[in-house]
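Since every read-out is calculated from the coordinates, none of them should be taken as a lab result. Quick caveat: nothing in here was measured; it's all calculated off a predicted structure. Virtual Cβ from ideal backbone geometry, glycine too; neighbours counted across all protein chains shown.
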């Protein structure tokens, strides 16, 4: 099964391939104009860090993980954060802690673990995704 689906997984330093057809919809409890804490400017970064951020963004654009916005679209909820390790490797993340406060909660809670395990009784393969 893993060999058959190998293109769907990242191997070593390769970038993660795009999972097609997976979209997330967020619904906010507030309307525009957003509260000042929600529409904040990006964190200040050094010139070197900004170049790394630009590199990460270009990679994400090439892989179709993100898309460029049109000149008439407004994106006010963006806070990119560059995480850099001692070895010089870096990863682009987003700080969405403030956004979480304004996101509508799901009506249905996360299922109880015992109910989820009951559904796996006859499973042939069990995997874990982060």
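Some notes on this structure:
- Projected label points at residue 101 and residue 68, each 7 Å from Cα along the beta carbon direction, are separated by 3.5 nanometres.
- Estimated from the Cβ-Cβ distance and a Förster radius of 41 angstrom, the FRET efficiency linking residue 112 and residue 86 is about 0.50.
- Peptides 81-92, 45-56, ordered by how many other C-beta atoms sit within 10 Å of their residues on average, highest first, read 45-56, 81-92.
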